[in-house]
Structures are given as C-alpha cells and as structure tokens.
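The values are calculated or read from the model by the stated rules, or taken from the named source; none is laboratory data. Note that this is a predicted model, so its numbers are computed, not measured. Here the Cβ positions follow ideal geometry from the backbone for every residue, glycine too, while neighbour counts run over all protein chains shown.
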Protein chains: 2
Amino acid sequence: MDAVLQRCSVREYMNKAVPEELFYELLEAGMCAPSAGNERPWHFIVITERSLLEGITGFHAHSQMLKQAPAAIIVCADMNRDKYPGVGYWIQDCAAATENILIAAQDKGLGTCWLGVYPRENRVAGMRKLLKLPDHMIPFSAIAVGYPAAVKSPGIRYDESRVHLNRW
Amino acid sequence: MDAVLQRCSVREYMNKAVPEELFYELLEAGMCAPSAGNERPWHFIVITERSLLEGITGFHAHSQMLKQAPAAIIVCADMNRDKYPGVGYWIQDCAAATENILIAAQDKGLGTCWLGVYPRENRVAGMRKLLKLPDHMIPFSAIAVGYPAAVKSPGIRYDESRVHLNRW
C-alpha cells in the first residue's frame, strides 16, 4: 500500500546500475496484472545498453531522462494474443501491467517514469525500428528505471471532489 | 508487493458490507496513479445500493457477481479534463487508477473483479443511464468489491518467454 501511495514520477537518477535480478521481480509484478479474458498480451524488453537508451531519446521528446537512467523497460503487446480485435482491451491490460511495474519498483527502492508510446505514431515506429520488433508486436509504453537521485514526496493526492456515493 | 503478486479476480463474496472508510482508502490509491500530463481525468462512483448493483447486471453480461457483491466502484473519465483529444491517454490513466484500486483492496483483505465497460457501447450507455452521468463523463470500468468467500491463490504467473534483454 505504501508503494502505491508513495510512487511518483522520477526523472533524475543516480549513476548506479540496477541488479539484473530486480528486473525479473518487476516483470513478475507486471505479469500479475489482470487482463481481458486472461489474454495476457504483454511482452517486456529490458534495456540496459546505453546506445539503445540514447536511441529512444532520438524519437521520443519526453524521454530525455534516458540519457541518464541506467535502464528502461518497454512494455509491448502481441496482437496475435488479442482476443477482442477492434475493442482495444489490450491497451487497458498493458496499462495495468505498466502500473504494476511502477509499484513493484517503488517497493524495491527504485524510481520510475512512465513514458507514453502508443498511440503516438512516430514513437511506435521509432521503437519498432530500434528494437527490430516483429509486425505483430506494438510497443505500448516505456518505463525509465533507476535509483532516484533524490527522495521525492508526492504529497496528498486525494481529491474529495472526484468521489461520489451511489449517484452522480 | 505481496498485494500485487497475490491479487486475483474474485467472483464470490461473503455477505458482509465493506466499511465506508475503506472505500476512501481505495480511492486514494486510485488517485495516486500517474496520468498523462498529470491530467487526472478520473471520477469514482461507489455503489452500495442493491438496486443499482442489480441494475448493472441488466446490461453487463459479465457482471452477474454484482448480484452478490456488496459494492462496486465505477471509474469514470471526465472528457473536460482530457489534455490530448483523439489520443486516448485517458484510457491508460483510468486503467492505472483501476489497477491501483485492485491492489489497495487486496492489501485491505478485500477481493475485486475488474469488469470492462469502455469501449463496449451498450455497457457505456447502460451505465450512463443508470447513474445519470453528464455527457462529458465516460464510464470506463466497474470494479466489484467485497470480502472474498474463499481465499484463492493465483499461482506463478511469471512467464520467461515474455522477457527480452536489450533486443527482441
């Protein structure tokens, strides 16, 4: 619960690698997300090579923290696993998996920043080309991952005006 | 982290009400989700009235557990807060908020089931009518909430074939 409440976007990172085994814990969390009809459309690409991280910054304007971050996780969707063509539930599935990774990272003392990829055409195309993704694989999100340079406190985010009981 | 790994869909509930203060904790978790450009498009409607829960089962075929569940939370998106018209980032925002609510509920000993609403037209229209939502409000998901009738164990969900390091 603390990890959910304390998580916030981190854009500055320590110059410190993330131990490889931690990535598998984050991805396990991602795979524990629910999905429509249990379709589990996700694939995950862990990126630690500096040239690839830099490569992303070439086509994604909001990803400049990847010049400093030690790693990124790209969440992709396998359209061959999409049980509901045209409905787009895979978007919701991949968003839930992305959020689980953010929470797990917070729990492990890591900081993250969720970078939108899909449906921005240039970002989808850039990521496809950089990672040589097959045609049935859609890059959905990119998550910057690393140890935060500073501890941030998100403050109170509860907003009573968004809460309704039994009627609008 | 345990809440992330142990969460699974619950479709049978005890005949036991959820204390009202717990809903506010779940909604706080929902509001801690990240959102595109910090747009926070979400509104939440907590439903505990039996007639409304039954009403949902009239237009949503997969929601029959609401005949037994003591409550539901409807996650809605306010299109007046959508900073990226036509892009649909609000879908990803609301999915992340929905997932946070599921995790917080697990942490509190509650069970949940995520029911897809958007973009199914009949479900969106049915929910709009039942809850008298204004036109700019889109019902995104419905979450059944209650105390689980039985403790379920989700088993291992890590799948190595979905993991890639630095390349496809």
Q.
Give all pairs with beta carbons closer than 7 Å in which a residue from the range A:13-30 that is under 15 Å from residue A:111 (Cα atoms) and loosely packed, with under 15 Cβ neighbours inside 10 Å meets a residue that is among the hydroxyl-bearing types (Ser, Thr, Tyr) and modelled with pLDDT of 95 or more; count only pairs at least 6 apart in sequence or on separate chains.
A. A:14/A:147; A:16/A:147
Q.
I'm trying to understand the selection: among the residues of the range A:25-57, which are more than 7 Å from every other protein chain (Cβ to nearest Cβ), out of contact with any helix residue (DSSP H, G or I) (no Cβ under 7 Å at 6 or more places or on another chain) and closer than 16 Å to residue A:72 by Cβ?
A. A:50, A:51
Q: Could you tell me which residue of the range A:155-165 is nearest to the other protein chains (Cβ to nearest Cβ), considering only residues that are exposed (fewer than 13 other Cβ atoms within 10 Å of the Cβ) and at pLDDT 95 or above?
A: A:165
Q. Of a type outside the set (Asp, Glu), out of contact with any Pro (no Cβ under 7 Å at 6 or more places or on another chain) and within 25 Å of residue B:167 (Cβ to Cβ), is that true of residue A:158?
A. no
Q. Given the residues B:117, B:163, which is the only one that is under 27 Å from residue B:78 (Cβ atoms) and of a type in the set (Val, Ile, Thr)?
A. B:117
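If you go through the range A:7-21 one residue at a time, do you hit one that is β-branched (Val, Ile, Thr) and more than 23 Å from residue A:149 (Cα to Cα)?
Within the range A:7-21, none of the residues are β-branched (Val, Ile, Thr) and more than 23 Å from residue A:149 (Cα to Cα).
Among B:90, B:114, which is surrounded by 21 or more Cβ atoms within 10 Å (Cβ to Cβ) and in contact with a Leu (Cβ under 7 Å, 6 or more places away or on another chain)?
Numbers: B:90 fails: in contact with a Leu (Cβ under 7 Å, 6 or more places away or on another chain).
Residue meeting the stated conditions: B:114.
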Q. Quick check, is residue A:90 among the aromatic types (Phe, Trp, Tyr) and without any contact (Cβ under 8 Å) to a residue 24 or more places away in the chain?
A. no
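Matching residues to (1) of a type in the set (A, V, I, L, M, F, W, C); (2) under 24 Å from residue A:17 (Cα atoms):
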site	(1), (2)
A:75	yes, yes
A:88	no, no
A:93	no, no
A:111	no, yes
A:114	yes, yes
A:123	no, no
A:127	yes, yes
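Out of curiosity, is residue A:149 over 17 Å from the mean Cα position of the chain (by Cα) and among the small types (Gly, Ala, Ser)? Step through it out loud before you land on a result.
On the way: over 17 Å from the mean Cα position of the chain (by Cα): yes; among the small types (Gly, Ala, Ser): yes.
Against the criterion (over 17 Å from the mean Cα position of the chain (by Cα) and among the small types (Gly, Ala, Ser)), residue A:149 qualifies.
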Q: Please give the number of the condition residue A:146 fails out of (1) surrounded by fewer than 20 Cβ atoms within 10 Å (Cβ to Cβ); (2) touching a strand residue (DSSP E or B) at 6+ places or on another chain (Cβ under 7 Å).
A: (1)
Q) So which residues in the range B:103-123 are of a type outside the set (Asp, Glu), touching a residue at least 24 places away in the same chain (Cβ under 8 Å) and at the interface with chain A (Cβ under 7 Å from one of its Cβ atoms)? A) B:103, B:104, B:114, B:116
Q) Within the range B:56-75, which residues are crowded, with 20+ Cβ neighbours inside 10 Å and small (Gly, Ala, Ser)? A) B:63, B:69, B:71, B:72
Q: Answer yes or no as to whether residue B:40 is modelled with pLDDT of 95 or more and farther than 20 Å from residue A:117 by Cα.
A: no
Q: Any chance you could count how many residues in the range B:124-154 are more than 11 Å from chain A (Cβ to nearest Cβ) and among the hydroxyl-bearing types (Ser, Thr, Tyr)?
A: 2
